[in-house]
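To start, the structure itself, in structure tokens.
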Amino acid sequence: MRTSPLRRALISAAAIGAVITLASCSSGGDSTAPASTADAEAGSRVAISYDGGILVLDGETLDTVADFESEPFTRLNAAGDDRHVMVTMSEGFQVLDTAAGSADEAELTDLVFAADAPGHVVRHAGKTILYADGTSDTTIFDSADLGGADELPEVETVPGVEAHHGVSVVLEDGTFLTTVGNADGRNGIVAKDASGAEIASSDQCPGVHGEGTAKDEVVVFGCENGALIYADGDIVKLDSPDQPYGRIGNAFVSETSPIVFGDYKNDVDAEGYLLGAVTLIDTAAKTLEVVDLPDGVEYTFRDLARGPEDLAYILGTDGSIHVLDPETGEIIDSFPVVEPWEGPAEWQDAHPTIVVAGNVAYVTEPATNSVHAVDLTSGKVLASTELDVTPVEIATAAG
């Protein structure tokens, strides 16, 4: 774990990586009266999972508008149409209608995209892409076709080759990118054009996990020793400064910024899930930078986000949201939101989480069963509510 303040290691692709071009990788109580949240996504709703259920909150007041029973542990992801949330159930991806921006009532619908071990949900270029770990099948549909429907939209299914915990991305021109692996592990990605012909591939990404699509549709995948960058038919490998293990597992992007913000772990034997450094991958310059956080500031994969002006946000164990400028790697602001907290014993355990819609961050505080809405432009807490349950995962309909 890195602990020196903002130690930055700039690694260029020319120095440590080579271009690989081959023909052939989350019941309500009292709420405080909020200030204006006009800069949030209009009509946004917030979904909160808890043990055995899912709440839907009003994005402005944080009042509970619905409470549904569910399986004991579920994961939540925005569906891509600003209204629905995907809930990972045992049978597949179940559709939660938050009724954002409408006069309808929220509903945990009977609509399920069947999947064996449902995993990652990706939203890009008007498409929603669902990945089934149990088969490595990818399900693709137009995000807008989900809105207000009483049946599942028409889908395209890309059969998997060998089952593994993976992820897929579809670009505007139909380029299909997916991870490669099997029961023994994951090691890279393959890119295919709209006809299914292979464009490029790489097997230089051990433990490939997570993805993000940055400006100009440049896609980044995390590896246990760096990252892969896909752009215009080419794959570039960037190595982490720590070898053989410097893991990037989650990427947080803006489609107007070339810089990808990610987590970072350099000790494979470290206990617990707290991390003390982040990564900045410049997809234009082809560089990978590690930034150490100040002493006493750690986080988990649920505590990173992108927000206004393409800035990066870290919900630290000190209870503050720290604002990091991806252009400089410097923390430019911090504001307290929750009480200091400790890391979870298991990654599924409830611990503070942050998601962003527009200029508003929604932060959970399981220690007090609370949720807070924070204006990221000012650091002001706009609303808080205490729930009757302990929040685990959180997602906004506008994601």
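The values are calculated or read from the model by the stated rules, or taken from the named source; none is laboratory data. Just so we're clear, the structure is a prediction, and the values are computed from it rather than from any experiment. Here the Cβ is made from the backbone with ideal geometry for all residues, glycine too, and neighbour counts use every protein chain on show. What goes into the accessible areas is simple: the full protein's heavy atoms, side chains included, and nothing from ligands, DNA or RNA. Shrake-Rupley method; radii C 1.70, N 1.55, O 1.52, S 1.80 Å.
See the values below:
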quantity: Shape category assigned to segment 265-331 from the gyration tensor of Cα positions, a/c cut at 1.5; calculated: oblate
quantity: Leading residue at positive end of dipole, segment 210-326 (Cβ point charges), from Ser320, Leu274, Val236; calculated: Val236
quantity: Cα gyration tensor, segment 44-149 - rounded (a/c under 1.5), prolate or oblate; calculated: oblate
quantity: Qualifying lysines (Cα of each under 24 Å from Cα of Lys237; at least 8 residues distant if same chain); calculated: Lys192, Lys215, Lys265, Lys286
quantity: Share of carbon and sulfur in the accessible heavy-atom surface of the chain [1.4 Å probe, %]; calculated: 45 percent
quantity: Distance between modelled label sites at Asp173 and Glu71, nm, 7 Å Cα→Cβ extension; calculated: 3.9 nm
quantity: Cα-based shape type of segment 155-285, given that a ≥ b ≥ c are square roots of the gyration tensor eigenvalues and the cut on a/c is 1.5; calculated: oblate
quantity: Estimated 222 nm signal from helices in the chain, with DSSP H stretches of n ≥ 4 weighted -39500 (n - 2.57), rounded to 500; calculated: 0 deg cm²/dmol
quantity: Virtual spin-label span in nm between Ile332 and Thr157, 7 Å along Cα→Cβ; calculated: 4.7 nm
quantity: Rounded to the nearest 20 debye, dipole of the chain from Cβ charges on Lys, Arg, Asp, Glu; calculated: 1180 debye
quantity: FRET efficiency, 1/(1 + (r/R0)^6) with R0 51 Å, evaluated for Met89 and Lys380 via beta carbons; calculated: 0.90
quantity: Solvent-accessible surface (1.4 angstrom probe) belonging to Phe301, in square angstrom, nearest 10; calculated: 60 Å²
quantity: Calculated Rg and Dmax of the Cα atoms in Å (choose from (1) 21.0, 69; (2) 20.0, 59; (3) 21.3, 74), label; calculated: (2)
